[in-house]
1. Does residue 70 satisfy the condition of being exposed (fewer than 12 other Cβ atoms within 10 Å of the Cβ) and assigned to a helix (DSSP H, G or I)?
2. Of everything in the stretch 96-112, what is buried (at least 16 other Cβ atoms within 10 Å of the Cβ) and touching a residue at least 24 places away in the same chain (Cβ under 8 Å)? Give them in sequence order.
3. Assess whether residue 124 counts as being exposed (fewer than 15 other Cβ atoms within 10 Å of the Cβ) and more than 20 Å from residue 28 (Cβ to Cβ).
4. Tell me, yes or no, whether the stretch 11-25 has at least one residue that is modelled with pLDDT of 80 or more and surrounded by 14 or more Cβ atoms within 10 Å (Cβ to Cβ).
5. Just to check your reading of the model, which residue among 50, 93, 63 is touching a residue at least 40 places away in the same chain (Cβ under 8 Å) and either touching a strand residue (DSSP E or B) at 6+ places or on another chain (Cβ under 8 Å) or exposed (fewer than 13 other Cβ atoms within 10 Å of the Cβ) (or both)?
6. Does the stretch 74-90 contain at least one residue that is surrounded by fewer than 12 Cβ atoms within 10 Å (Cβ to Cβ) and either at positive phi or at pLDDT below 85 (or both)?
């Protein structure tokens with residue numbers, strides 16, 4: 001009799017339907033890393049002097065870096081809400097029952113927080129004050 005190897009880490013009783021959540025978490029984690037690197041670089045530029053920092057900060061007003069800022073903001077928001085959701089599910093005694101609902105609520109919260117913020121960031125790029 002051949003030995004079968006279980007390919008995913010779920011127990012046989014769990015739903016083994018594949019989801020897109022793991023790659024989204026990886027992209028969001030990479031975005032968080034990029035966000036931290038950019039902000040650390042800006043802090044170093046501020047330390048080097050106000051003229052160097054202001055020369056580089058003017059480049060943040062261009063449309064390309066603004067779109068990068070928008071993507072980084074999405075990654076931070078999605079990563080933060082996903083980790084908060086996972087923490088709440090882990091701490092709640094019957095949290096696994098509400099996992100699907102919590103995924104939908106997290107996705108809804110990301111959309112409700114991201115869309116107005118994205119509109120403001122894009123408007124600030126198009127119509128400077």
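The values are calculated or read from the model by the stated rules, or taken from the named source; none is laboratory data. Values in this document were obtained by computation on a predicted structure and should not be read as measured data. We place every Cβ from the backbone using ideal geometry, glycine too, and count neighbours over all the protein chains shown.
1. Numbers: exposed (fewer than 12 other Cβ atoms within 10 Å of the Cβ): no; assigned to a helix (DSSP H, G or I): yes.
It is false that residue 70 is exposed (fewer than 12 other Cβ atoms within 10 Å of the Cβ) and assigned to a helix (DSSP H, G or I).
2. Within the stretch 96-112, 106, 110 qualify.
3. Values: exposed (fewer than 15 other Cβ atoms within 10 Å of the Cβ): yes; more than 20 Å from residue 28 (Cβ to Cβ): yes.
Yes: the conditions hold for residue 124.
4. Checked against the condition, which is being modelled with pLDDT of 80 or more and surrounded by 14 or more Cβ atoms within 10 Å (Cβ to Cβ), the stretch 11-25 yields no hits at all.
5. None of the other options fit; the residue is 63.
6. Of the residues in the stretch 74-90, the ones surrounded by fewer than 12 Cβ atoms within 10 Å (Cβ to Cβ) are 87, 90.
Filter once more, keeping what is either at positive phi or at pLDDT below 85 (or both): none.
Checked against the condition, which is being surrounded by fewer than 12 Cβ atoms within 10 Å (Cβ to Cβ) and either at positive phi or at pLDDT below 85 (or both), the stretch 74-90 yields no hits at all.
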